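Novice: The structure is given below, and queries will be raised subsequently.
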C-alpha cells in the first residue's frame, strides 16, 4: 500500500503516493472513448509500427499465455494472438472504462474465447505465481506509482523461462532532437487532446509523464533489479520510444 507520507510525481506535479493511482484512473477514464483515435493522431500512426516491432522481437508462439498489463483497449493482446495463431491473452488495466472500450472493438468479439479482461493494479496483480509465459506493458509503466514494484510483480507472475517486454516512451540521446520533440509534445499534443477528446489537462499530464520517466539505461537497471536476466533494450524512432526485454530464468 502507498505510504501517505511518501510523494511521487503526477506529471510535473508532486503528489502523495496514495493519490496517484486515483488520478491516473481519472485521466484514462476521461479519455477512454477517444484513446485509440488520439494515439493515431499524436504519433501519426507510428505507435502501430512500434507495437509491430515489439511483436517482431517477442515472436509469439502457439499456445502461449500473455498477460498484458495496462492493456487498455487491447491493441497488444490482439496483435499477440494473431501472431501466435492460438493462445490466450489477459488484458489487465486499472481503469475499467478502458477495458469496456476494448471489449467493444470488433477484434475482441472475434477473439472472445481467447481473451480475458481484468481490472487490476500493476503493483499488486490478482494472479498466482508462475502463471504466464509472456508479460507485456505498453505505454503504461510510467503511470504506475512505483514502477519497480510493477516489475517485481511481472517477475512473480511469469513462469520460469517467461519473457518480459516493456514498450514505453523514452529519452532521445540527441539533445537537439529532444528539444524539437519537446516543442512538439508540449505545444501540440495538449491542443490535440482538447480538439479531439475535449480534454487538454489529461494530455498535458501524459506529455509531462514522459519527461519524468527514467532514461533507457536507468530503466534497464530496474529490469535487472527485478530479477530479469539477458536484459537489454532497443531504441525506436531515435529513442522517442524504447523496448526493454528480459527473461525469468
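Coordinate-derived values only; no laboratory data. Note that the structure is a prediction, hence the values are computed from the model and not measured. All Cβ positions, glycine included, derive from the backbone under ideal geometry; neighbour counts span all protein chains shown.
Novice: Arranged from highest to lowest average of other beta-carbon atoms within 10 Å per residue, in what order do the peptides 137-145, 117-125 appear?
Specialist: 137-145, 117-125
Novice: Which value in nm describes the separation of the simple spin-label points at residue 229 and residue 148, placed 7 Å from the Cα toward the beta carbon?
Specialist: For residue 229 paired with residue 148, the spin-label model returns 2.3 nm.
Novice: When the chain is modelled as a GNM with alpha-carbon springs shorter than 10 Å, which of 29, 11, 63 fluctuates the most?
Specialist: 63
Novice: Any idea what the relative contact order of the chain is, in percent, if you count C-alpha pairs under 8 Å spaced at least 6 apart?
Specialist: Relative contact order of the chain: 19 percent.
Novice: Expressed as a whole percent, how much of the Cα-Cα distance distribution for region 108-150 exceeds 13 Å?
Specialist: That tail contains 68 percent of the Cα-Cα pairs.
Novice: Please report how far the C-alpha centroid of region 158-191 lies from that of region 207-231, rounded to the nearest whole angstrom.
Specialist: 11 Å
Novice: For a label point 7 Å from the Cα of residue 174 along Cα→C-beta, name the residues of region 230-244 whose backbone N is under 16 Å from it.
Specialist: Flagged as within label range: 235-241.
Novice: Relative contact order for region 152-249: what percent, with Cα pairs under 8 Å and sequence separation of 6 or more? List each step's numbers first, then the result.
Specialist: Working: 130 pairs, mean separation 42.7, N = 98.
Computed value for region 152-249: 44 percent relative contact order.
Novice: Could you calculate the FRET efficiency of residue 182 with residue 33 from 1/(1 + (r/R0)^6), where r is the beta carbon distance between them and R0 is 45 Å, rounded to 0.05?
Specialist: 0.95
Novice: Taking only the alpha-carbon positions of region 1-103 and ignoring solvent, what does the Debye formula give for the base-10 log of I(q)/I(0) at q = 0.10, 0.24 Å⁻¹?
Specialist: Calculated log10 I(q)/I(0) at the listed q: -0.37, -1.20.
Novice: Further question: Evaluate the distance, in nm, between pseudo-label points positioned 7 Å from the Cα of residue 82 and of residue 61 along their respective Cα→Cβ axes.
Specialist: Label-label distance for residue 82 and residue 61, simple model: 2.3 nm.
Novice: Shifting gears a bit: Scaled to the compact-protein estimate 2.2 N^0.38 Å, what is the alpha-carbon radius of gyration of region 83-191, rounded to two decimal places? Working shown, then result.
Specialist: On the way: Rg = 16.9 Å, N = 109, 2.2 N^0.38 = 13.1 Å.
Ratio of Cα Rg to 2.2 N^0.38 Å: 1.29.
Novice: Rounded, prolate or oblate: pick one for region 110-249, where a ≥ b ≥ c are the square roots of the eigenvalues of its C-alpha gyration tensor, a/c under 1.5 means rounded, and failing that, prolate if a/b is larger than b/c, else oblate.
Specialist: Note, shape of region 110-249 comes out oblate.
Novice: Taking a ≥ b ≥ c as the square roots of the eigenvalues of the Cα gyration tensor of the chain, is the shape rounded (a/c under 1.5), prolate (a/b larger than b/c) or oblate?
Specialist: rounded
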